[in-house]
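Novice: This is the structure, below, for whatever I ask next.
The values are calculated or read from the model by the stated rules, or taken from the named source; none is laboratory data. This structure is a prediction, so every number in the text was calculated from the model and none was measured. Cβ sites come from the backbone with ideal geometry, for glycine too, and all protein chains shown count toward neighbours.
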Amino acid sequence: MRRLSLAAAATAVTLLAAACGGGSSAGGSGGATGGTLTLAPLVQAQPWDLKDAGLGNNTQYYQPVYDSLLRLDPKADPVANLATEWSYDSTNTVLTLKLRTDVKFTDGTAFDAEAVKANLTHTQTGTNEAAGQLKVVKSVEAVDASTAKITLSAPDPSFVANLGSVAGMMASPKAIQAGTLKNEPVGSGPYTLDKAATTAGSVYTFVRNPNYWNTSAFPFDKIVLKPLTDPTAVLNALRSGQVNGAVLTNAQNIAPAKSSGLTVSEYTPGDVEGLYIWDRGGTKVKALGDPRVRQALNYAFDRDAIVKTAKQGLGEPTAQVFNPTGSAFDASLNQKYTYDPAKAKQLLAEAGYPNGFEVTMPDVSAVFPSQQALMTQQLTDIGVKVKIDKIPVDQLISSLLAGKYAMSYFVLASFRPWDTIVIQGQKDSLWNPFKYSDPTVDGLIQQAQNATGDAQAALFKQINTMMVDQAWNAPWDFVENAYVTTKGVTVTPQAYAAVPPIYNFKPAN
(Lines give C-alpha, C1' and ligand atoms only; values in the text may rest on other atoms or scores of the structure.)
Protein backbone atom coordinates (compact mmCIF):
# COMPACT_ATOMS: atom_id res chain seq x y z
CA MET A 1 0.00 0.00 0.00
CA ARG A 2 1.41 2.88 -0.49
CA ARG A 3 1.82 3.13 -1.96
CA LEU A 4 0.38 4.69 -2.09
CA SER A 5 0.89 2.14 -2.65
CA LEU A 6 0.63 6.31 -1.48
CA ALA A 7 2.12 5.08 -2.18
CA ALA A 8 1.95 2.22 -1.47
CA ALA A 9 3.81 2.08 -0.51
CA ALA A 10 3.52 2.45 -0.93
CA THR A 11 3.23 2.11 -1.39
CA ALA A 12 1.74 3.10 -2.04
CA VAL A 13 2.63 2.53 -1.55
CA THR A 14 1.57 0.49 0.34
CA LEU A 15 1.26 -3.08 1.66
CA LEU A 16 -1.08 -2.65 4.54
CA ALA A 17 -4.82 -2.73 3.82
CA ALA A 18 -7.09 -5.67 3.22
CA ALA A 19 -9.25 -8.37 4.72
CA CYS A 20 -8.57 -12.01 3.89
CA GLY A 21 -10.36 -13.34 0.83
CA GLY A 22 -11.35 -16.91 0.21
CA GLY A 23 -10.79 -18.69 -3.04
CA SER A 24 -11.37 -21.85 -4.96
CA SER A 25 -8.73 -23.87 -6.72
CA ALA A 26 -6.98 -22.23 -9.65
CA GLY A 27 -3.71 -22.71 -11.41
CA GLY A 28 -1.37 -21.48 -14.11
CA SER A 29 -1.75 -22.45 -17.72
CA GLY A 30 1.47 -24.47 -17.94
CA GLY A 31 1.50 -23.82 -21.68
CA ALA A 32 2.77 -21.14 -24.02
CA THR A 33 -0.53 -19.22 -24.01
CA GLY A 34 -4.00 -19.42 -22.52
CA GLY A 35 -5.04 -20.65 -19.09
CA THR A 36 -5.68 -18.74 -15.90
CA LEU A 37 -3.33 -16.60 -13.85
CA THR A 38 -4.44 -16.26 -10.22
CA LEU A 39 -2.74 -13.66 -8.03
CA ALA A 40 -3.19 -12.68 -4.38
CA PRO A 41 -2.97 -8.90 -3.91
CA LEU A 42 -2.34 -7.65 -0.37
CA VAL A 43 -5.04 -5.01 -0.59
CA GLN A 44 -8.75 -4.96 -1.22
CA ALA A 45 -9.93 -3.44 -4.49
CA GLN A 46 -10.52 0.31 -4.40
CA PRO A 47 -13.31 1.97 -6.41
CA TRP A 48 -13.00 1.44 -10.16
CA ASP A 49 -13.22 5.18 -10.76
CA LEU A 50 -9.62 6.22 -11.42
CA LYS A 51 -9.98 9.47 -9.51
CA ASP A 52 -10.17 7.31 -6.38
CA ALA A 53 -7.28 5.03 -7.35
CA GLY A 54 -4.21 4.32 -5.28
CA LEU A 55 -0.84 3.02 -6.42
CA GLY A 56 1.39 0.17 -5.23
CA ASN A 57 -0.48 -3.08 -4.71
CA ASN A 58 -3.68 -1.49 -6.02
CA THR A 59 -2.35 -1.38 -9.58
CA GLN A 60 -2.99 -5.08 -10.24
CA TYR A 61 -6.74 -4.45 -10.02
CA TYR A 62 -6.65 -1.67 -12.60
CA GLN A 63 -4.16 -3.15 -15.10
CA PRO A 64 -6.50 -5.80 -16.59
CA VAL A 65 -9.23 -3.34 -17.58
CA TYR A 66 -7.50 0.01 -18.07
CA ASP A 67 -4.74 0.58 -20.59
CA SER A 68 -2.28 3.41 -19.91
CA LEU A 69 -0.93 6.14 -22.15
CA LEU A 70 2.58 4.79 -21.74
CA ARG A 71 3.94 1.56 -20.35
CA LEU A 72 6.88 1.09 -17.99
CA ASP A 73 9.59 -1.41 -18.86
CA PRO A 74 11.31 -3.52 -16.15
CA LYS A 75 13.61 -0.58 -15.36
CA ALA A 76 10.54 1.69 -14.99
CA ASP A 77 11.44 3.67 -18.10
CA PRO A 78 8.43 4.78 -20.19
CA VAL A 79 7.82 3.15 -23.57
CA ALA A 80 5.07 3.60 -26.15
CA ASN A 81 1.60 2.24 -25.53
CA LEU A 82 -1.62 4.17 -26.24
CA ALA A 83 0.68 7.12 -26.86
CA THR A 84 3.24 6.36 -29.55
CA GLU A 85 5.37 9.52 -29.27
CA TRP A 86 5.82 12.29 -26.73
CA SER A 87 7.89 15.45 -26.38
CA TYR A 88 8.20 18.53 -24.16
CA ASP A 89 8.61 22.11 -25.23
CA SER A 90 11.65 24.14 -24.13
CA THR A 91 10.02 25.06 -20.79
CA ASN A 92 9.30 21.41 -19.84
CA THR A 93 5.71 22.42 -19.10
CA VAL A 94 3.94 21.55 -22.38
CA LEU A 95 3.87 17.84 -23.26
CA THR A 96 2.60 16.74 -26.66
CA LEU A 97 1.40 13.16 -27.13
CA LYS A 98 0.79 11.36 -30.43
CA LEU A 99 -1.89 8.69 -29.96
CA ARG A 100 -2.91 5.39 -31.48
CA THR A 101 -5.93 5.65 -33.79
CA ASP A 102 -7.10 2.01 -33.74
CA VAL A 103 -8.32 1.66 -30.14
CA LYS A 104 -11.85 1.57 -28.75
CA PHE A 105 -13.21 1.23 -25.24
CA THR A 106 -15.31 -1.85 -24.55
CA ASP A 107 -18.51 0.23 -24.76
CA GLY A 108 -17.63 1.17 -28.33
CA THR A 109 -16.39 4.69 -27.58
CA ALA A 110 -13.30 5.67 -29.56
CA PHE A 111 -10.01 6.37 -27.82
CA ASP A 112 -8.73 9.76 -28.97
CA ALA A 113 -7.36 13.05 -27.67
CA GLU A 114 -10.75 14.02 -26.25
CA ALA A 115 -10.67 10.78 -24.21
CA VAL A 116 -7.23 11.73 -22.87
CA LYS A 117 -8.57 15.14 -21.87
CA ALA A 118 -11.63 13.64 -20.20
CA ASN A 119 -9.54 11.17 -18.21
CA LEU A 120 -6.72 13.40 -16.99
CA THR A 121 -9.04 16.23 -15.96
CA HIS A 122 -11.34 13.76 -14.21
CA THR A 123 -8.69 11.71 -12.41
CA GLN A 124 -6.99 14.82 -11.03
CA THR A 125 -10.20 15.80 -9.20
CA GLY A 126 -9.71 12.93 -6.75
CA THR A 127 -7.80 12.82 -3.48
CA ASN A 128 -5.89 9.54 -3.77
CA GLU A 129 -2.39 8.81 -5.06
CA ALA A 130 -3.15 8.69 -8.80
CA ALA A 131 -4.84 12.08 -8.56
CA GLY A 132 -1.84 13.44 -6.68
CA GLN A 133 0.43 12.62 -9.61
CA LEU A 134 -1.72 14.82 -11.85
CA LYS A 135 -2.05 17.87 -9.63
CA VAL A 136 0.33 19.88 -11.84
CA VAL A 137 -1.91 19.44 -14.90
CA LYS A 138 -3.17 22.93 -15.79
CA SER A 139 -5.01 22.07 -18.98
CA VAL A 140 -5.38 19.39 -21.66
CA GLU A 141 -6.03 20.30 -25.28
CA ALA A 142 -7.25 17.94 -28.00
CA VAL A 143 -5.29 19.38 -30.92
CA ASP A 144 -6.80 16.76 -33.20
CA ALA A 145 -8.03 13.19 -32.76
CA SER A 146 -4.50 11.77 -32.50
CA THR A 147 -2.72 14.66 -30.74
CA ALA A 148 -3.10 15.75 -27.13
CA LYS A 149 -1.28 18.69 -25.57
CA ILE A 150 -0.89 18.71 -21.78
CA THR A 151 0.10 21.97 -20.10
CA LEU A 152 1.59 21.80 -16.59
CA SER A 153 1.55 24.57 -14.01
CA ALA A 154 5.23 23.83 -13.32
CA PRO A 155 7.80 21.28 -14.48
CA ASP A 156 7.27 17.76 -13.11
CA PRO A 157 10.37 15.56 -13.48
CA SER A 158 8.30 12.38 -13.01
CA PHE A 159 5.22 13.26 -15.04
CA VAL A 160 5.99 11.26 -18.19
CA ALA A 161 6.87 8.12 -16.22
CA ASN A 162 3.69 8.46 -14.17
CA LEU A 163 1.63 8.31 -17.36
CA GLY A 164 2.83 4.70 -17.54
CA SER A 165 1.00 3.82 -14.34
CA VAL A 166 -2.44 4.42 -12.84
CA ALA A 167 -2.35 8.20 -13.36
CA GLY A 168 -2.10 7.61 -17.10
CA MET A 169 -4.81 4.95 -17.34
CA MET A 170 -7.78 5.55 -19.60
CA ALA A 171 -11.45 4.84 -18.84
CA SER A 172 -14.37 5.31 -21.21
CA PRO A 173 -15.33 9.01 -21.35
CA LYS A 174 -18.94 7.88 -21.69
CA ALA A 175 -18.71 5.97 -18.38
CA ILE A 176 -16.95 8.91 -16.72
CA GLN A 177 -19.75 11.24 -17.76
CA ALA A 178 -22.42 8.77 -16.65
CA GLY A 179 -20.78 8.34 -13.25
CA THR A 180 -20.96 4.54 -13.43
CA LEU A 181 -17.28 3.69 -12.89
CA LYS A 182 -17.59 3.22 -9.15
CA ASN A 183 -19.53 0.01 -9.73
CA GLU A 184 -18.12 -1.32 -12.99
CA PRO A 185 -14.90 -0.49 -14.87
CA VAL A 186 -15.09 0.32 -18.59
CA GLY A 187 -11.72 0.59 -20.26
CA SER A 188 -9.83 -0.42 -23.39
CA GLY A 189 -7.49 -2.84 -21.62
CA PRO A 190 -6.66 -6.47 -22.37
CA TYR A 191 -9.45 -7.86 -20.13
CA THR A 192 -12.95 -7.05 -18.92
CA LEU A 193 -14.42 -7.68 -15.49
CA ASP A 194 -16.58 -10.82 -15.37
CA LYS A 195 -19.22 -9.64 -12.89
CA ALA A 196 -20.86 -13.08 -12.69
CA ALA A 197 -17.59 -14.62 -11.49
CA THR A 198 -16.70 -11.76 -9.16
CA THR A 199 -17.51 -11.42 -5.46
CA ALA A 200 -16.45 -8.08 -4.01
CA GLY A 201 -13.85 -8.50 -1.29
CA SER A 202 -13.17 -12.12 -2.19
CA VAL A 203 -12.49 -12.80 -5.86
CA TYR A 204 -12.25 -10.68 -8.99
CA THR A 205 -12.31 -12.39 -12.40
CA PHE A 206 -11.22 -10.83 -15.67
CA VAL A 207 -11.69 -12.39 -19.13
CA ARG A 208 -10.14 -11.44 -22.43
CA ASN A 209 -11.18 -8.35 -24.33
CA PRO A 210 -11.45 -9.86 -27.82
CA ASN A 211 -10.83 -6.49 -29.47
CA TYR A 212 -7.67 -5.54 -27.58
CA TRP A 213 -4.98 -4.19 -29.88
CA ASN A 214 -1.99 -5.87 -28.17
CA THR A 215 -3.19 -9.35 -27.16
CA SER A 216 0.26 -10.94 -27.52
CA ALA A 217 1.51 -8.93 -24.52
CA PHE A 218 -1.03 -10.71 -22.28
CA PRO A 219 -0.78 -14.49 -22.81
CA PHE A 220 -3.32 -15.61 -20.18
CA ASP A 221 -6.97 -16.04 -21.14
CA LYS A 222 -8.17 -15.19 -17.65
CA ILE A 223 -6.85 -13.19 -14.69
CA VAL A 224 -8.21 -13.92 -11.20
CA LEU A 225 -7.37 -11.75 -8.17
CA LYS A 226 -7.96 -13.09 -4.65
CA PRO A 227 -6.97 -10.58 -1.95
CA LEU A 228 -5.11 -12.17 0.99
CA THR A 229 -3.22 -10.52 3.85
CA ASP A 230 -2.45 -13.21 6.42
CA PRO A 231 1.14 -14.37 5.72
CA THR A 232 0.37 -18.01 6.57
CA ALA A 233 -2.74 -18.01 4.38
CA VAL A 234 -0.71 -16.60 1.49
CA LEU A 235 1.95 -19.31 1.80
CA ASN A 236 -0.66 -22.07 2.04
CA ALA A 237 -2.53 -20.75 -1.01
CA LEU A 238 0.70 -20.80 -3.01
CA ARG A 239 1.59 -24.31 -1.84
CA SER A 240 -1.85 -25.65 -2.74
CA GLY A 241 -1.93 -23.93 -6.11
CA GLN A 242 -4.95 -21.80 -5.24
CA VAL A 243 -2.91 -18.82 -6.35
CA ASN A 244 0.02 -18.56 -8.77
CA GLY A 245 1.68 -15.42 -7.44
CA ALA A 246 1.92 -13.36 -4.26
CA VAL A 247 4.36 -11.27 -2.26
CA LEU A 248 5.56 -12.63 1.09
CA THR A 249 5.38 -10.01 3.83
CA ASN A 250 6.88 -12.34 6.45
CA ALA A 251 10.46 -13.20 5.56
CA GLN A 252 10.21 -16.30 7.77
CA ASN A 253 8.11 -17.86 5.00
CA ILE A 254 10.77 -17.62 2.29
CA ALA A 255 12.59 -20.83 3.24
CA PRO A 256 9.36 -22.88 3.47
CA ALA A 257 8.30 -21.51 0.09
CA LYS A 258 11.56 -22.58 -1.53
CA SER A 259 11.42 -26.02 0.10
CA SER A 260 7.92 -26.44 -1.35
CA GLY A 261 9.27 -26.06 -4.87
CA LEU A 262 7.98 -22.53 -5.35
CA THR A 263 10.04 -19.91 -7.17
CA VAL A 264 11.07 -16.91 -5.06
CA SER A 265 12.09 -13.72 -6.87
CA GLU A 266 13.81 -11.16 -4.67
CA TYR A 267 13.77 -7.55 -5.88
CA THR A 268 13.77 -3.95 -4.71
CA PRO A 269 10.31 -2.41 -5.23
CA GLY A 270 11.32 1.14 -4.36
CA ASP A 271 9.82 1.27 -0.86
CA VAL A 272 11.15 2.40 2.51
CA GLU A 273 9.81 0.93 5.74
CA GLY A 274 10.14 2.06 9.29
CA LEU A 275 8.60 4.46 11.77
CA TYR A 276 6.83 7.29 9.94
CA ILE A 277 6.36 10.37 12.10
CA TRP A 278 3.21 11.95 10.71
CA ASP A 279 2.74 14.55 13.47
CA ARG A 280 6.03 16.46 13.13
CA GLY A 281 4.39 19.64 14.35
CA GLY A 282 3.30 18.10 17.65
CA THR A 283 -0.39 18.69 17.03
CA LYS A 284 -1.55 15.38 18.50
CA VAL A 285 1.52 14.34 20.48
CA LYS A 286 3.32 17.47 21.65
CA ALA A 287 6.67 15.74 22.11
CA LEU A 288 6.98 15.02 18.39
CA GLY A 289 7.10 18.74 17.62
CA ASP A 290 10.63 18.85 19.09
CA PRO A 291 13.33 17.74 16.61
CA ARG A 292 15.33 16.27 19.50
CA VAL A 293 12.50 13.86 20.23
CA ARG A 294 12.30 12.80 16.61
CA GLN A 295 16.07 12.37 16.54
CA ALA A 296 15.83 10.26 19.70
CA LEU A 297 13.43 7.94 17.90
CA ASN A 298 16.01 7.47 15.17
CA TYR A 299 18.71 6.51 17.67
CA ALA A 300 16.32 3.97 19.21
CA PHE A 301 16.36 1.58 16.25
CA ASP A 302 18.98 -1.06 15.54
CA ARG A 303 18.50 -1.02 11.78
CA ASP A 304 21.04 -3.77 11.11
CA ALA A 305 19.33 -6.09 13.59
CA ILE A 306 15.89 -5.30 12.15
CA VAL A 307 17.02 -6.27 8.66
CA LYS A 308 18.81 -9.36 9.92
CA THR A 309 16.07 -10.56 12.28
CA ALA A 310 12.71 -9.30 11.08
CA LYS A 311 13.60 -9.27 7.39
CA GLN A 312 15.90 -12.31 7.25
CA GLY A 313 18.47 -10.16 5.43
CA LEU A 314 15.99 -8.81 2.88
CA GLY A 315 16.61 -5.08 2.88
CA GLU A 316 19.27 -2.42 3.09
CA PRO A 317 19.50 -0.38 6.30
CA THR A 318 18.88 3.31 5.74
CA ALA A 319 18.14 6.50 7.65
CA GLN A 320 16.68 8.35 4.66
CA VAL A 321 13.44 8.09 2.69
CA PHE A 322 15.05 8.69 -0.70
CA ASN A 323 15.79 5.74 -2.98
CA PRO A 324 19.46 4.66 -3.14
CA THR A 325 19.30 4.61 -6.95
CA GLY A 326 18.26 8.27 -7.20
CA SER A 327 20.24 11.50 -7.23
CA ALA A 328 18.90 12.62 -3.83
CA PHE A 329 20.51 9.72 -1.98
CA ASP A 330 23.58 10.44 0.16
CA ALA A 331 25.23 7.37 1.66
CA SER A 332 26.90 9.44 4.39
CA LEU A 333 23.50 10.29 5.89
CA ASN A 334 23.03 6.67 6.92
CA GLN A 335 25.77 7.15 9.52
CA LYS A 336 23.96 9.97 11.30
CA TYR A 337 21.77 7.79 13.52
CA THR A 338 23.67 4.79 14.79
CA TYR A 339 21.91 2.51 17.25
CA ASP A 340 22.38 4.33 20.56
CA PRO A 341 19.60 4.01 23.19
CA ALA A 342 21.62 6.06 25.68
CA LYS A 343 21.85 8.93 23.19
CA ALA A 344 18.11 8.61 22.57
CA LYS A 345 17.35 8.91 26.30
CA GLN A 346 19.69 11.90 26.59
CA LEU A 347 17.90 13.73 23.78
CA LEU A 348 14.51 12.97 25.30
CA ALA A 349 15.68 14.38 28.63
CA GLU A 350 17.05 17.52 26.94
CA ALA A 351 13.69 18.01 25.26
CA GLY A 352 11.91 17.79 28.62
CA TYR A 353 10.85 14.14 28.49
CA PRO A 354 13.23 12.32 30.88
CA ASN A 355 10.60 9.64 31.43
CA GLY A 356 9.67 9.35 27.77
CA PHE A 357 6.15 9.95 26.48
CA GLU A 358 3.05 8.01 25.53
CA VAL A 359 1.84 7.37 21.99
CA THR A 360 -0.89 5.27 20.40
CA MET A 361 -0.08 3.41 17.19
CA PRO A 362 -2.20 1.16 14.95
CA ASP A 363 -1.82 -2.60 15.08
CA VAL A 364 -0.05 -4.02 11.98
CA SER A 365 0.81 -7.41 13.47
CA ALA A 366 -1.61 -9.26 11.20
CA VAL A 367 0.66 -8.52 8.24
CA PHE A 368 3.99 -7.50 9.79
CA PRO A 369 4.27 -9.29 13.15
CA SER A 370 8.07 -9.24 13.42
CA GLN A 371 8.35 -5.57 12.53
CA GLN A 372 5.75 -4.52 15.09
CA ALA A 373 7.33 -6.58 17.86
CA LEU A 374 10.80 -5.12 17.27
CA MET A 375 9.48 -1.57 16.90
CA THR A 376 7.52 -1.74 20.14
CA GLN A 377 10.40 -3.23 22.08
CA GLN A 378 13.03 -0.75 20.90
CA LEU A 379 10.77 2.22 21.58
CA THR A 380 10.00 0.84 25.04
CA ASP A 381 13.75 0.53 25.68
CA ILE A 382 14.15 4.33 25.48
CA GLY A 383 11.06 5.07 27.57
CA VAL A 384 8.43 5.58 24.88
CA LYS A 385 5.21 3.98 26.10
CA VAL A 386 3.43 2.46 23.10
CA LYS A 387 -0.25 1.64 23.16
CA ILE A 388 -1.28 -0.60 20.26
CA ASP A 389 -4.72 0.20 18.89
CA LYS A 390 -6.18 -3.02 17.47
CA ILE A 391 -8.15 -1.57 14.59
CA PRO A 392 -9.22 -3.73 11.62
CA VAL A 393 -6.47 -3.87 9.02
CA ASP A 394 -8.76 -2.58 6.30
CA GLN A 395 -9.23 0.65 8.27
CA LEU A 396 -5.54 1.42 8.57
CA ILE A 397 -5.04 3.55 5.47
CA SER A 398 -8.10 5.73 6.00
CA SER A 399 -7.21 6.19 9.68
CA LEU A 400 -3.66 7.28 8.88
CA LEU A 401 -4.79 9.70 6.18
CA ALA A 402 -7.37 11.14 8.58
CA GLY A 403 -4.61 11.95 11.11
CA LYS A 404 -5.79 9.49 13.75
CA TYR A 405 -2.23 8.43 14.64
CA ALA A 406 0.77 10.64 15.32
CA MET A 407 3.21 7.99 14.12
CA SER A 408 3.13 4.41 12.92
CA TYR A 409 4.98 1.60 11.23
CA PHE A 410 4.53 1.99 7.50
CA VAL A 411 5.91 1.13 4.08
CA LEU A 412 5.91 4.07 1.70
CA ALA A 413 6.96 4.31 -1.94
CA SER A 414 10.28 5.94 -2.76
CA PHE A 415 10.83 6.01 -6.50
CA ARG A 416 12.48 8.90 -8.31
CA PRO A 417 13.44 11.84 -6.04
CA TRP A 418 10.58 14.01 -7.27
CA ASP A 419 8.09 11.17 -6.65
CA THR A 420 9.22 10.94 -3.03
CA ILE A 421 8.77 14.69 -2.57
CA VAL A 422 5.29 14.68 -4.12
CA ILE A 423 4.20 11.65 -2.10
CA GLN A 424 5.27 12.91 1.32
CA GLY A 425 7.43 16.05 1.25
CA GLN A 426 5.03 18.87 0.40
CA LYS A 427 2.38 20.48 2.58
CA ASP A 428 -0.38 19.13 0.35
CA SER A 429 1.17 15.67 -0.13
CA LEU A 430 -1.23 12.80 0.42
CA TRP A 431 1.13 11.14 2.91
CA ASN A 432 1.57 14.28 4.97
CA PRO A 433 -1.71 13.93 6.91
CA PHE A 434 -0.90 16.68 9.44
CA LYS A 435 0.15 19.08 6.61
CA TYR A 436 3.55 19.77 8.15
CA SER A 437 5.86 22.11 6.28
CA ASP A 438 9.20 23.80 6.73
CA PRO A 439 9.84 27.12 4.91
CA THR A 440 13.43 26.24 4.07
CA VAL A 441 12.54 22.84 2.66
CA ASP A 442 9.62 24.37 0.75
CA GLY A 443 11.99 26.82 -0.90
CA LEU A 444 14.44 24.08 -1.88
CA ILE A 445 11.60 22.00 -3.33
CA GLN A 446 10.46 24.91 -5.48
CA GLN A 447 14.00 25.44 -6.74
CA ALA A 448 14.44 21.74 -7.49
CA GLN A 449 11.18 21.58 -9.43
CA ASN A 450 12.45 24.20 -11.85
CA ALA A 451 16.05 22.96 -12.07
CA THR A 452 17.59 20.26 -14.23
CA GLY A 453 20.69 18.06 -14.33
CA ASP A 454 23.40 18.49 -11.72
CA ALA A 455 21.78 21.58 -10.20
CA GLN A 456 18.58 19.66 -9.55
CA ALA A 457 20.49 16.69 -8.10
CA ALA A 458 22.32 19.01 -5.69
CA LEU A 459 19.02 20.50 -4.52
CA PHE A 460 17.51 17.05 -4.01
CA LYS A 461 20.48 16.19 -1.78
CA GLN A 462 19.97 19.36 0.26
CA ILE A 463 16.31 18.47 0.77
CA ASN A 464 17.24 14.96 1.83
CA THR A 465 19.87 16.25 4.26
CA MET A 466 17.41 18.60 5.94
CA MET A 467 14.79 15.87 6.28
CA VAL A 468 17.33 13.56 7.90
CA ASP A 469 18.83 16.25 10.15
CA GLN A 470 15.37 17.32 11.33
CA ALA A 471 14.30 13.66 11.63
CA TRP A 472 11.10 13.95 9.65
CA ASN A 473 10.82 10.16 9.94
CA ALA A 474 12.76 7.25 11.40
CA PRO A 475 13.31 4.91 8.41
CA TRP A 476 14.78 1.46 8.95
CA ASP A 477 15.51 -0.04 5.58
CA PHE A 478 15.13 0.16 1.84
CA VAL A 479 12.80 -2.77 1.24
CA GLU A 480 13.54 -5.92 -0.70
CA ASN A 481 10.47 -7.94 -1.59
CA ALA A 482 10.10 -11.67 -2.13
CA TYR A 483 7.55 -12.47 -4.82
CA VAL A 484 6.60 -16.14 -5.11
CA THR A 485 5.24 -17.94 -8.17
CA THR A 486 4.11 -21.51 -8.75
CA LYS A 487 5.25 -23.94 -11.43
CA GLY A 488 3.97 -23.02 -14.87
CA VAL A 489 4.33 -19.28 -14.32
CA THR A 490 7.32 -16.97 -14.68
CA VAL A 491 7.51 -13.32 -13.71
CA THR A 492 9.89 -10.42 -14.25
CA PRO A 493 10.09 -8.04 -11.25
CA GLN A 494 9.89 -4.36 -12.08
CA ALA A 495 11.67 -1.36 -10.62
CA TYR A 496 9.54 0.92 -8.45
CA ALA A 497 6.70 -1.61 -8.31
CA ALA A 498 5.48 -3.18 -5.08
CA VAL A 499 4.27 -6.16 -7.11
CA PRO A 500 5.02 -7.02 -10.74
CA PRO A 501 2.54 -5.68 -13.30
CA ILE A 502 0.32 -8.29 -14.93
CA TYR A 503 2.09 -7.85 -18.27
CA ASN A 504 5.29 -9.18 -16.68
CA PHE A 505 3.73 -12.61 -16.01
CA LYS A 506 4.15 -15.34 -18.62
CA PRO A 507 3.36 -19.07 -18.80
CA ALA A 508 6.50 -21.14 -18.34
CA ASN A 509 7.69 -22.96 -21.44
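Novice: Any chance segment 298-309 includes a residue that's within 24 Å of T380 (Cβ to Cβ) and of a type in the set (D, E)? Let's see the steps before the verdict.
Specialist: Initial filter on segment 298-309 (within 24 Å of T380 (Cβ to Cβ)): 298-309.
Filter again for of a type in the set (D, E), leaving 302, 304.
Within segment 298-309 (the criterion being within 24 Å of T380 (Cβ to Cβ) and of a type in the set (D, E)), the answer is yes, since at least one residue qualifies.
Novice: Among the numbered conditions (1) in contact with a Leu (Cβ under 6 Å, 6 or more places away or on another chain); (2) of a type in the set (S, T, Y); (3) surrounded by fewer than 21 Cβ atoms within 10 Å (Cβ to Cβ), tell me where T123 comes up short.
Specialist: With (1) in contact with a Leu (Cβ under 6 Å, 6 or more places away or on another chain); (2) of a type in the set (S, T, Y); (3) surrounded by fewer than 21 Cβ atoms within 10 Å (Cβ to Cβ) applied to T123, the lone miss is (3).
Novice: Anything in segment 367-426 that is among the small types (G, A, S) and more than 30 Å from K75 (Cβ to Cβ)? List them, or say none.
Specialist: Step one: list which residues in segment 367-426 are among the small types (G, A, S), which gives 370, 373, 383, 398-399, 402-403, 406, 408, 413-414, 425.
Result: S370, A373, G383, S398, S399, A402, G403, A406, S408.
Novice: Which residues, counting only those in segment 298-314, are in a helix (DSSP H, G or I), within 11 Å of W476 (Cα to Cα) and among the charged types (D, E, K, R)?
Specialist: Listed by number, the residues that qualify are R303, D304.
Novice: So, one more: In segment 358-397, how many are touching a Lys or Arg at 6+ places or on another chain (Cβ under 6 Å) and over 18 Å from A300 (Cα atoms)? Break it down into steps so the answer makes sense when it comes.
Specialist: Taking segment 358-397 first, the residues touching a Lys or Arg at 6+ places or on another chain (Cβ under 6 Å) are 358, 360, 363, 382.
Narrowing the set further to residues that are over 18 Å from A300 (Cα atoms) leaves 363.
Qualifying residue count for the region: 1.
Novice: Also, quick follow-up: Those residues that are assigned to a loop (DSSP other than H, G, I, E, B), touching a helix residue (DSSP H, G or I) at 6+ places or on another chain (Cβ under 6 Å) and not β-branched (V, I, T), I need them from segment 171-217; list them, please.
Specialist: If we filter segment 171-217 for residues that are assigned to a loop (DSSP other than H, G, I, E, B), which is where we start, we get 172, 179-186, 188-190, 194, 198, 200-202, 209-214.
After this cut, where a residue has to be touching a helix residue (DSSP H, G or I) at 6+ places or on another chain (Cβ under 6 Å) as well, the list is 181, 186.
Answer for segment 171-217, where residues must be assigned to a loop (DSSP other than H, G, I, E, B), touching a helix residue (DSSP H, G or I) at 6+ places or on another chain (Cβ under 6 Å) and not β-branched (V, I, T): just L181.
Novice: Any idea which of (1) of a type outside the set (K, R); (2) under 24 Å from the mean Cα position of the chain (by Cα); (3) under 27 Å from N58 (Cα atoms) is the one N298 doesn't satisfy?
Specialist: (3)
Novice: Related question: Can you give me the ranges of the helices (runs of 4 or more DSSP H) entirely in segment 337-420 with at least 1 residues that are at pLDDT 95 or above and among the basic types (K, R)?
Specialist: Details: elements: 341-350, 369-381, 396-401, 417-420.
Ranges flagged: 341-350.
Novice: Among the residues of segment 232-250, count how many are buried (at least 22 other Cβ atoms within 10 Å of the Cβ) and part of a helix (DSSP H, G or I).
Specialist: Within segment 232-250, residues that are buried (at least 22 other Cβ atoms within 10 Å of the Cβ) and part of a helix (DSSP H, G or I) number 4.
Novice: Please work out which residue is modelled with the lowest pLDDT, limiting yourself to segment 303-313 and to residues that are surrounded by 19 or more Cβ atoms within 10 Å (Cβ to Cβ) and out of contact with any Ser or Thr (no Cβ under 6 Å at 6 or more places or on another chain).
Specialist: Restricting to residues being surrounded by 19 or more Cβ atoms within 10 Å (Cβ to Cβ) and out of contact with any Ser or Thr (no Cβ under 6 Å at 6 or more places or on another chain), the top hit is K311.
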